[in-house]
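Note sheet for the following structure.
Each value in this text was obtained by applying a stated rule to the coordinates, not by laboratory testing. What you see is a predicted model, and the numbers here were worked out from it, not measured in a lab. Every residue, glycine among them, receives a Cβ derived from its backbone with ideal geometry; neighbour counts consider all protein chains shown.
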Amino acid sequence: MSADSPYRAPLERALLHATTYLRDVKSGRASAALTKDSLRERLRLPLSDEGADPVAVIDDLVAAASGGLNGSAGGRFFGWVVGSSLPAAVAADWLASAWDQNAALYACSPAAAIIEEVAGAWLKEILELPSGASFALVTGCQAAHVTCLAAARHAVLEARGWDVEKRGLSGSPPVRVITSTERHGSITRALKLLGLGTDCVVTLPPDDEGRLAPERLDAALRGHADDPRIVVLQAGDVNTGAFDSFRELIPLARRHGAWVPLDGAFGLWARTSPEHRRLVDGVEEADSWSTDGHKWLNVPFDSGYAFVARPEAHRASLSQRASYLEYAEDARDQMDWNIEWSRRARGFATYAAIRELGRKGLADLVERTCRHAKAIVEGIGRLEGAEVAYAPVINQGLVRFLDARPGAGEEDHARRTEAVMEHILQSGEALFTGTTWRGNRCMRVSVSSWRTDQEDVVRAIAAVAQALRST
Ligand SMILES: *Cc1c(COP(=O)(O)O)cnc(C)c1O
């Protein structure tokens, strides 16, 4: 028996299951078929005293979990903002598990550290961020916000002579976070985690295009002129993909001495597309940028990126030295920049995805998904009983379904919209999720998967047509 024998059989089973799944999900269901109860029945085995054969563990796992998987690895999953995974990225992610490298420090895994160094530099080039910015490969945009807002907290308080890492926040000058009502909830969560709390948030209503208005921002900055201020801007709102106007807002915030973190979970990737890059014009002037790999870059989950224009603020907020660790002199120790200590070497998947796509492939992925989103929204808009609430500017659009009865009101339309969505979900033909936008219940059309093609577009519209006929 060869030395790899304990791994070969379960990995070969996993390979077979995975490749079969990835082939079939393209034409198969976009949503899970099983109910909670049947999943519990299949998965809740009594905890056993005895172990099990690894092959049997994998086969049983696949048999029990399969019906509970959503088809986000296929091309008709349009819920939230969820990408699929590129082939090289999935394979590299498997290797990250097989190699089992700890990406805490250079000394824990030289290859993982250098790959992250390279991936970080590539990402800055791709997204056209300042080459001197520091970065961290984190679990997602939520963790990127925690990272970037920790740097922001450090910087604005340091400017007031307050060492927040040492003294904490009690008794500190009151930090104000000025942002839009349309901000993502992950910003709010980051502020809670960082001890800034939600009372520090000064919320401004956006204009008709979903952008922060310069006059309102200016007034809010003046209204809190004595406080340390952070202005959180957004590239790509989850409902409409709206972008703040960075050319105006960033210099304005800067004139008031505010620090400007940017939430660009998916929208920042518009930067890669000649057709859409004007939307993120001026974004390079921000102080930090949070984005995702697992959305538009199509890297497996557990992949986000934080970039900070002033590395010293980033490092001061996170660095922690311990006597039992070895630090690298001329290499990057990731835990100086990451909120995790031990962690997965997630840089392999990002590195592989960027190599697989190249700049052209990435621009094509972004433009293609935008075109598909537009085609789906327009196709649905032509159906009897459907209405376009927001035509996509990038890869996010909104539709809703109207109750045709005379005198039907907003609540009736909301009910019909929910009923149509539920019918589509049950059919498994496509998966869409809902939102309330400007008081109206809508169905979101969000396309981020490299696998979505023309056939998926046609099938998704047909699924909506069928649901409209049946509800
Ligand atoms: C998805 C999203 C987030 C949160 O990102 P995660 O990767 O889920 O942590 C933050 N902001 C926006 C605009 C998003 O779309």
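Some points to look at:
- Mean projected area of the convex hull spanned by the Cα atoms of region 382-471, taken over all viewing directions: 5.9 nm².
- FRET efficiency estimate (nearest 0.05) - Cβ-Cβ, R222 to Q466, R0 60 angstrom: 0.65
- Dipole orientation for region 176-229: of the candidates G195, L221, I178, G195 has the Cα lying most toward the positive pole (charges on Cβ; Lys, Arg +1; Asp, Glu -1).
- Computed Kirkwood radius, in angstrom, where 1/r is averaged over Cα pairs of the chain: 23.9
- Label sites at T436 and S342, each approximated as a point 7 angstrom past Cα along Cα to Cβ, lie 4.4 nm apart.
- Once the chain from E418 to A33 is taken as fully extended at 0.36 nm per residue, the excess over their C-alpha distance is 136.7 nm.
- Each peptide in 294-307, 155-168 was scored by the mean count of other Cβ atoms within 10 Å over its residues; highest first, the order is 294-307, 155-168.
- 3J(HN,Hα) from dihedral phi, region 24-30, Karplus parametrisation 6.51/-1.76/1.60, rounded to Hz, x for glycine, proline: 6, 5, 4, 9, x, 5, 8
- Paramagnetic reach from R167 (point 7 Å along Cα→Cβ, amide N under 16 Å) across region 216-237: 227-229
- Taking every alpha-carbon pair under 8 Å whose residues sit at least 6 apart, the chain reaches a relative contact order of 22 percent.
- From phi via Karplus (6.51, -1.76, 1.60), per-residue ³J(HN,Hα) for region 71-86 in Hz, x at Gly/Pro: x, 5, 7, x, x, 10, 9, 10, x, 6, 10, 9, x, 8, 10, 5
- Of K192/K360; K124/K295; K26/K295; K124/K166; K36/K192; K26/K360, those spanning more than 28 Å from alpha-carbon to alpha-carbon: K192/K360; K124/K166; K36/K192
- Förster-model FRET efficiency, 25 Å R0, Y327 and V118, C-beta, rounded to 0.05: 0.80
- Separation in nanometres of the label points that stand 7 Å from Cα toward Cβ, at Q320 and S5: 4.4
- Using θ = phi - 60° and Karplus 6.51 cos²θ - 1.76 cosθ + 1.60, couplings along region 338-345 (whole Hz; Gly, Pro as x): 9, 7, 7, 9, 5, 6, 5, 7
- Mean sequence separation of contacting Cα pairs (under 8 Å, at least six apart), scaled by the length of region 83-200, corresponds to a relative contact order of 17 percent.
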